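Just so it is clear, none of the values below were taken in a lab; they were calculated from the coordinates. Quick caveat, the model's predicted, so the values are computed rather than measured. With ideal geometry, Cβ positions are generated from the backbone for all residues, glycine too; neighbour counts draw on all protein chains shown.
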4 protein chains.
Amino acid sequence: MNFASDNGAGVAAPILEAIVASSRVNAPAYGADAYTARAASRLCEIFERELAVFLVSTGTAANALALAALTKPWQAAFCHEEAHIIDDECGAPEFFSGGAKLVGIPGLNGKIEPAALRATLARFPLGQAKTTQPAALSLSQATEAGTAYRPAEIAALAAIAHEAGMRVHLDGARFANALVKTGASPAEMTWRSGVDVLSLGATKDGALACEAVIMFDPALAAATPYQRKRAGQTLSKGRFLGAQMEAWLAGGLWLDLARRANTSARRLGEGLAKAPGVRLVFPVEVNEVFVVAPEAALAAWRAAGARFHDWSTRATPPEAAPRAGEAMARFVTSFETDEKEIDALIALAAAPYRSRNS
Amino acid sequence: MNFASDNGAGVAAPILEAIVASSRVNAPAYGADAYTARAASRLCEIFERELAVFLVSTGTAANALALAALTKPWQAAFCHEEAHIIDDECGAPEFFSGGAKLVGIPGLNGKIEPAALRATLARFPLGQAKTTQPAALSLSQATEAGTAYRPAEIAALAAIAHEAGMRVHLDGARFANALVKTGASPAEMTWRSGVDVLSLGATKDGALACEAVIMFDPALAAATPYQRKRAGQTLSKGRFLGAQMEAWLAGGLWLDLARRANTSARRLGEGLAKAPGVRLVFPVEVNEVFVVAPEAALAAWRAAGARFHDWSTRATPPEAAPRAGEAMARFVTSFETDEKEIDALIALAAAPYRSRNS
Amino acid sequence: MNFASDNGAGVAAPILEAIVASSRVNAPAYGADAYTARAASRLCEIFERELAVFLVSTGTAANALALAALTKPWQAAFCHEEAHIIDDECGAPEFFSGGAKLVGIPGLNGKIEPAALRATLARFPLGQAKTTQPAALSLSQATEAGTAYRPAEIAALAAIAHEAGMRVHLDGARFANALVKTGASPAEMTWRSGVDVLSLGATKDGALACEAVIMFDPALAAATPYQRKRAGQTLSKGRFLGAQMEAWLAGGLWLDLARRANTSARRLGEGLAKAPGVRLVFPVEVNEVFVVAPEAALAAWRAAGARFHDWSTRATPPEAAPRAGEAMARFVTSFETDEKEIDALIALAAAPYRSRNS
Amino acid sequence: MNFASDNGAGVAAPILEAIVASSRVNAPAYGADAYTARAASRLCEIFERELAVFLVSTGTAANALALAALTKPWQAAFCHEEAHIIDDECGAPEFFSGGAKLVGIPGLNGKIEPAALRATLARFPLGQAKTTQPAALSLSQATEAGTAYRPAEIAALAAIAHEAGMRVHLDGARFANALVKTGASPAEMTWRSGVDVLSLGATKDGALACEAVIMFDPALAAATPYQRKRAGQTLSKGRFLGAQMEAWLAGGLWLDLARRANTSARRLGEGLAKAPGVRLVFPVEVNEVFVVAPEAALAAWRAAGARFHDWSTRATPPEAAPRAGEAMARFVTSFETDEKEIDALIALAAAPYRSRNS
């Protein structure tokens, strides 16, 4: 019953096979290989346009390189106040950008709302030297609350951003999960809705370690080869990134894996929602389930071997907030999650638990 | 006849098998897994002391994190004027350190000599605020000239560095090759000779993408977990770094692979040295061969399918410097280099060539 | 009727005389002069302890150097959400620290409250590599709302900070004004209440350009000489900073000048508070007056020659917030403000105004 | 006999008067005042074209801001190996640029020669991601050796730089001295010879603390307002920078002051050159005199009250290098240097001295 993270999973078999196969040849170093070239071509087809593509080994690096392409040191990037880039990357965007400011915006269910974005931007007057200048809006897709923006939501926010002279970044660590949920095409979810740069994550969705920085306007990529190298993100045996990406995309594997993870989460969410004293905090749209439950119940599940993270310091809709004796927890599924593990946890949750105070 | 780079090789079979095997289980994320723990333990045994170990995906990241642990933004690190860290990493040490200065020191055969180090340090008075302050000496082992420092050479330089209040870093992208050449033990080559931090490279020596930052004084590692995360170098599925390192070390594989590469280079060097018009520039001590040869000969080898890099902008001993019509070239062997490829190139070089002007 | 900024004032006569006098001799460069030494000694007397003192030319530089002494790039500094350091310095603290994160905390009347500080810190778990680590609490004294912390308020916040392993910085751009208001001694307001580093501003209070970074624990100053030089803040003719500071402190000039500015603000605040449709937003404690007034009234004042800044994007207590047709404005007094200017504005405000829509 | 530095001098009377006068009015803050505007206009007239002008308080800040406008973090700036920016600013250019690399080029008499520039550039191939990319050439005018480039020399170097896609910066801490020496016009010495950005220093030439960053292509200045603010270099009472610059330029004061300093140095140089055992190291072209002299003689001068800096770690032409028992020393004159001081030192040097060993 391991629901701690989708990063705990292994590698999907076709990707592992591609790694092994690509090891058999001598290939040019630093990404000048055929695997990487084919992966980039395939991404252009899938996104229906010319792209600049850079493969790196972590989502943090992908986000930070993407933001560094958009944000100068004296500028600001705006994101949800609980975005991964502001909370969970130890300041990587600040590092890669040379000290830019991340500005968090509150919003329900992990999403930024247009009015909140406008209100925040009003505090950053253009051309005033004492104010870090607005440069980028970063949206997480799927969000940190396990919800997915619809293309129209992205388009509305991107329009505000562009109007203010900003560019739009999408942190797509769980992009495939959001596509599967919404049915949108990759193009609709990104550049057709105004996204300028995408961090596309394969790792959580079955790869070993492979993420892509994708620029829809290749002009944005002028400095990225240098910034990537300088960040130690240009792998010498770069063909292994290319081979992973190629295999991940081939035959729609990326969407299949994401669909499995989403399906597991939905099953888990539906089961937990029926458990006594348990309520869902956010709609279950991708591969994460957030619940508020009695602390004693959570302790009992842990004692029975379930693994998941406490999430109690995070924001919730007011009506869902933990009350005394309750806590919030996060459960994540992956392409490998076994139905039996899900059902075991649901069974556990359905059982009565003994309160600590009783 | 591919001698362009040891980065063009694939992955040694036992390492590939370890990757596949470690994919079968769910493992804690971000390096908190058993593979990584075992790899670190094994390194402690091999280096005969307690260590702080951080696994990352590139040699550039390893070097830059190592130097960032030693060098504050207003300080300076000293290295050979053709060191990888100063010439080939697009400023990664400056980036990771927050803008420290790298100071190049000239020296024959890729090595820094004690007198040159002392003379350079004299220009950096301690405690004078206008001068970036000396903080680190970085040695490349093996050097960029394909030579290997002996432990006593390292100890002599480290003594000067320590006396000046500096720490010593070893860029060990080809550390195993240097060990095999010199017969020194890992401990002798590092902390027993005064090395404080080692970048230990497995990638060029048979891994997929795995390098270790090793601190012999664990106190130096206080900030490294944050700096690594912030640099996007904390792999989410970190067990794959651990599994690579564990397999690379197991049964002395790392030394066997390096020995193969060294042997290939020696064979190639001996063969090329006998070719008409060709002379070796540096002693062939590890897996690199540097020659000066007539430009027409080099062109002929290339035309026949040989791959290698022009090295003509690099320093040579005065007596070896290219004369008119000559150029310098670098040939690199790997654990995969086939004896037949070597002999084919030697045969080619032995044949008379047609000058461009004839 | 110029109430735009205390930065619009000139230089107090004794300070100007000190500049002229100190120009007559040849003095050692870069702050190694007798003026600077005497100023530092005098500060030690005034603050009743040994200090490390660094003179610089701007408050932004003083704050940024102070924070850089406390905060590493992968750490976070906490401040009020409208603090000068987070809103008005174009990211200087991020720049000087190498990319640290500033975290804003909301709070009434420009002050941070203990509970809010604790709640924010709970989101920054110690030792977790993905989280920028708490390193500094920065308080503005006086605050951006023109209020002054009492020593006990500072002590309560500093205790929380220290308990969390953090250091405490005071942005004292208007420190003298806060001293005059509260009657606290310099020592009580700072290190006796737990402050580790103070930015002490003379410029707004009568100097030409002179601010001091004062470390109550001189060990914090180890890197500051280098950071100051590197920031271009080590003036070559440093004696002119020393001479300003010496004259500013001599005979309590600094407190006299601040008292004048505070008195002017109190007079202005009392006058405006009686004007029709006008209400004070914050208590007038130092040399700033914040009012909400009908937009038409503010326009009329401006048309009559009054200069002040619109402040409508800033936070207010809920009950004071501008309603439709109203706006918020800031008025600042200085040691030079003329009583007649104040009374002229009060007279203007007392008069009926014509609404734009009438 | 104080020849330690031109930074030890006071402020020229007309500049001091301008400071006092400009203190009498209330002026807009942060450089939006009339003094600053008039100073900028006057610079446009003097340089015969439209300019972007930024006033700051130190030469280090001016250089670092200028270079930051030209050099991105992954780029390199080239300068003489003993340039102030590489040796004496504690890494300020690296700091302001976000970690760019400074590359020193050797050259006689403090000057870079075209062939040396070309040879260095050959090691920085364009478009290769592992190599920091050439972005700026920085020349010191006058040089660190007290010599002055002629416009044709600057033009020759600038042509090479521009051909390589680089921009040209002039560190003009002693620009007026170089103008006076060469008779070139400000325009000839800068943009007509290919200079893109000038750091124009007034401080060493009679100001209190005032330097200008001057961009001949105003498009280069887009980010400078933010970078200046962020560096704490936007003085709140900016009118005092404007007033200094205005007075410095008025009636050619800047050239008159430089002429006085140059004349003093020439007199000193001619005198010392005749002293027993003393030889000039570089041509005396501006306000600095470099000599090699017996250590015993230098000690005797010091004992008699002369102040000057040891310069023995610096490069010299081979024929001038100190031999055993000799050392190199630097003497600097200023607009305030008294003829009597000069003659006293010359008299001292003319006298026989007692060797330490005798």
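For this structure, a couple of remarks:
- Helices (runs of 4 or more DSSP H) wholly inside segment D:160-257 containing at least 1 residues that are more than 14 Å from chain C (Cβ to nearest Cβ) and within 18 Å of the chain's Cα centre (by Cα): D:175-182, D:186-189, D:239-249
- B:Q233 meets the conditions (1) touching a strand residue (DSSP E or B) at 6+ places or on another chain (Cβ under 7 Å); (2) surrounded by 24 or more Cβ atoms within 10 Å (Cβ to Cβ); (3) free of Cβ contacts under 8 Å to residues at least 24 places away in the same chain in every case but one. The failed one is (3).
- Per the conditions (1) surrounded by 21 or more Cβ atoms within 10 Å (Cβ to Cβ); (2) in contact with a strand residue (DSSP E or B) (Cβ under 8 Å, 6 or more places away or on another chain), the sole criterion not satisfied by D:V286 is (2).
- Test: residue in segment D:327-341 that is surrounded by fewer than 20 Cβ atoms within 10 Å (Cβ to Cβ) and more than 30 Å from C:S23 (Cα to Cα): yes
- Within segment D:93-120, being among the charged types (D, E, K, R) and more than 24 Å from D:F282 (Cα to Cα) holds for D:E94, D:K101, D:R118.
- Candidate set from segment B:20-39 (those that are in contact with a Gly (Cβ under 8 Å, 6 or more places away or on another chain) and in a helix (DSSP H, G or I)); member that is surrounded by the most Cβ atoms within 10 Å (Cβ to Cβ): B:A39
- From the list C:A152, C:A115, C:A119, the lone residue that is surrounded by fewer than 24 Cβ atoms within 10 Å (Cβ to Cβ), over 30 Å from C:H309 (Cα atoms) and either within 12 Å of another protein chain (Cβ to nearest Cβ) or touching a Lys or Arg at 6+ places or on another chain (Cβ under 6 Å) (or both) is C:A119.
- Check on D:T147, under 29 Å from D:L253 (Cα atoms) and part of a loop (DSSP other than H, G, I, E, B): yes
- Evaluation of D:A64 against (1) in contact (Cβ under 8 Å) with a residue 12 or more places away in the chain; (2) more than 9 Å from chain C (Cβ to nearest Cβ); (3) out of contact with any strand residue (DSSP E or B) (no Cβ under 7 Å at 6 or more places or on another chain) (one fails), failing number: (2)
- Of residues in segment D:80-93 being within 26 Å of A:S97 (Cα to Cα) and of a type in the set (A, V, I, L, M, F, W, C), the one farthest from the other protein chains (Cβ to nearest Cβ): D:I85
- Selection count, segment C:99-110, where residues are surrounded by fewer than 23 Cβ atoms within 10 Å (Cβ to Cβ) and within 12 Å of chain B (Cβ to nearest Cβ): 0
- Enumeration of residues in segment D:258-283 that are among the hydrophobic types (A, V, I, L, M, F, W, C), buried (at least 18 other Cβ atoms within 10 Å of the Cβ) and not in a loop (DSSP other than H, G, I, E, B): D:A258, D:A261, D:A265, D:L268, D:L272
- Given (1) within 30 Å of A:T131 (Cβ to Cβ); (2) without any contact (Cβ under 8 Å) to a residue 24 or more places away in the chain; (3) away from chain B (no Cβ under 14 Å), index of the condition A:E45 fails: (1)
- The set of residues in segment C:162-171 that are aliphatic (A, V, I, L, M) and surrounded by 24 or more Cβ atoms within 10 Å (Cβ to Cβ) comprises C:M166, C:V168, C:L170.
- Test result for D:F96, within 14 Å of chain C (Cβ to nearest Cβ) and under 20 Å from C:G98 (Cα atoms): yes
- Any hit, segment B:2-15, residues being surrounded by fewer than 24 Cβ atoms within 10 Å (Cβ to Cβ) and more than 11 Å from chain A (Cβ to nearest Cβ): yes
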